[in-house]
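See below for the structure under consideration.
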Amino acid sequence: MNSALCYKQYGIPEHVLKLECLNKPLVKKDCIRVEMLYAPINASDLIPITGAYQHRIILPQIAGYEGVGVVIEAPSTHQYLIGKRVLPLRGEGTWQNFVDSPAHYAIPIPDYIENDLAARAYINPVAAWLMLKRFPPQKKHILVTAGGADCAKLLCKWARNSQALSITAICRSDNHIQFYNKYGIKTLNQNDTNAIRYFAAQADLVYDAVGGVLAKTILNNMQELSEFISYGLLSGVNLINNRRLPKVHWFHVRHCISNISQVQWQNMFDDIWPKLDKNDLNQPYLFDFNNWKSAIKAYRQVGINSKPLLAIK
C-alpha cells in the first residue's frame, strides 16, 4: 500500500489535494522503486495543481517533482543502486511513499550530502546551473528577483563565483539581507520602485522569477542591449512584452533537459554536488507527511528563511 498526495481536479492545492492510500502496481521494466524520505515544497510543485499548465498535464496526478529516497527495487542493470540513496527524477510525482522512476535518470547521492540537502538538489540547483551556463554572468551587471528563494540565492552566489561585475537581489522582505551581505551582494526591497528602476537601467542580465508588475517595471527601464531571462511567475501574472528590445528569453528546465544525453545528465549533477552548501539555502523545516497542509501554509509565509520539507517515511 502506498500513501500519495493526489489531485483529480485543478484548484487551490490545499483544497484539491487528497492523501490517498493506493495499491502500488508492479515496477515497470527499466524502472527503480524508491522509498521516499523527504520531499520539499516548491512553487513548481504547487503551480501545476492550480491548472496553470493543464495543457500538458493529464489528471489524475500525484504532486511533487523532487525529493530523496532509498532504492528498494531495481532492474538487473541497476542492482548496484539497491539500498542506495538517489534522486528519483523524471518519473512519478514524489509526494508519496514509493516512487517509480526510470533507472537511467536516477541520481546517486554522494555520502557527504545530507538528506535534507539532497531532497532539494534538483529543481532550484539545476535551474540555476542551466541558466548560468546558457546566459553567462562573467563581466556583467546582474539583477535577480525573488531574492528570498533558493534558486535566486544560488544564482547570485554562483554568479559571484563566475566573476560577475556586480549582483543585486530584489527581495520581498529584509530577512535575507544577512545572507547577501555575507557575499557582498546588494539587496533591494521589492517595494522600492525608484531603486529598482535605477538598477534595472544598469543591468546587463536580469533573472526573473516573479513576472507581473515587477517584471514590467524592470523591462521598461533596461537598456536595449541587455537581456531578460524569465524563469518563473511567482506573482501569478503573466509577463506581456511588446518591445523588441531588450531581448526576453523564456527559460524552462524541462526544455533544456529534454534532449541531453544520459552522460550529460549525470555529469551535470557531478558538477552541482560540490557547489551545494546547505548554508546557502533556506533552512529545512520538517513536517510529517500527514501534516502536509501545514507545510504548504508555511511555504506561503512571506519572508521566511526556511524551506518546508515533507518527512515521508
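Observations, loosely collected:
- Elements of type strands (runs of 3 or more DSSP E) in segment 66-110, at least 3 residues being of a type outside the set (D, E, K, R): 68-73, 98-102
- Segment 212-227: number of residues that are touching a Leu at 6+ places or on another chain (Cβ under 6 Å) and surrounded by 14 or more Cβ atoms within 10 Å (Cβ to Cβ): 2
- Selection over segment 259-300 of residues that are over 17 Å from the mean Cα position of the chain (by Cα), over 18 Å from Asp45 (Cβ atoms) and not in a helix (DSSP H, G or I) gives a count of 3.
Residues are listed down the side, and each one gets a yes or a no for (1) surrounded by fewer than 24 Cβ atoms within 10 Å (Cβ to Cβ); (2) not assigned by TED's automatic domain parsing to the domain that holds Arg197:
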position	(1), (2)
Ile113	yes, yes
Asp116	yes, yes
Leu130	yes, no
Gln138	yes, no
Val144	no, no
Ala149	no, no
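- Among the residues of segment 131-153, those that are in a helix (DSSP H, G or I) and over 19 Å from Asp204 (Cβ atoms) comprise Asp150, Cys151, Lys153.
- Number of positions in segment 271-313 that are of a type in the set (Val, Ile, Thr) and at pLDDT below 95: 2
- Test for Tyr207: is it under 16 Å from Phe135 (Cβ atoms) and either touching a Lys or Arg at 6+ places or on another chain (Cβ under 6 Å) or among the hydroxyl-bearing types (Ser, Thr, Tyr) (or both): yes
- Residue match in segment 166-176 (condition: closer than 19 Å to Leu276 by Cα and either of a type in the set (A, V, I, L, M, F, W, C) or out of contact with any helix residue (DSSP H, G or I) (no Cβ under 9 Å at 6 or more places or on another chain) (or both)): no
- Any hit, segment 196-207, residues being surrounded by fewer than 19 Cβ atoms within 10 Å (Cβ to Cβ), touching a residue at least 12 places away in the same chain (Cβ under 8 Å) and over 23 Å from Pro246 (Cα atoms): no
- Entry remark, segment 61-84: residues being of a type outside the set (Phe, Trp, Tyr) and more than 20 Å from the chain's Cα centre (by Cα) number 14 in total.
- Considering residues of segment 231-264 that are aromatic (Phe, Trp, Tyr) and surrounded by 16 or more Cβ atoms within 10 Å (Cβ to Cβ) only, the residue farthest from Pro308 (Cα to Cα): Phe251
- Only one of the listed residues (Lys297, Lys313) is closer than 23 Å to Gly148 by Cβ and touching a residue at least 60 places away in the same chain (Cβ under 8 Å). That residue is Lys297.
- Reported count of residues in segment 17-50, each being under 28 Å from Ser306 (Cβ atoms), in contact (Cβ under 8 Å) with a residue 40 or more places away in the chain and outside any strand (DSSP E or B), is 10.
- Looking across segment 277-286, the residues that are touching a strand residue (DSSP E or B) at 6+ places or on another chain (Cβ under 6 Å) and either surrounded by 13 or more Cβ atoms within 10 Å (Cβ to Cβ) or aliphatic (A, V, I, L, M) (or both) come down to Asn282, Pro284, Tyr285, Leu286.
- Here Pro136 meets each of (1) within 16 Å of the chain's Cα centre (by Cα); (2) under 24 Å from Ile167 (Cβ atoms) with one exception, condition (1).
- Tallying residues that are assigned to a strand (DSSP E or B) and either over 16 Å from the mean Cα position of the chain (by Cα) or free of Cβ contacts under 8 Å to residues at least 24 places away in the same chain (or both) within segment 228-258 yields 6.
To keep it simple, each residue is scored yes or no on (1) more than 18 Å from Gln96 (Cβ to Cβ); (2) buried (at least 17 other Cβ atoms within 10 Å of the Cβ); (3) not assigned by TED's automatic domain parsing to the domain that holds Glu92.
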| site | (1), (2), (3) |
| --- | --- |
| Lys18 | no, no, no |
| Lys28 | no, no, no |
| Cys31 | no, yes, no |
| Glu35 | no, no, no |
| Tyr53 | yes, no, no |
| Arg56 | yes, no, no |
| Ile62 | no, yes, no |
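The values are calculated or read from the model by the stated rules, or taken from the named source; none is laboratory data. None of these values were measured; they are calculated from a predicted model. Cβ coordinates were reconstructed from backbone atoms using ideal geometry, including for glycine residues, and neighbour counts include every protein chain displayed.
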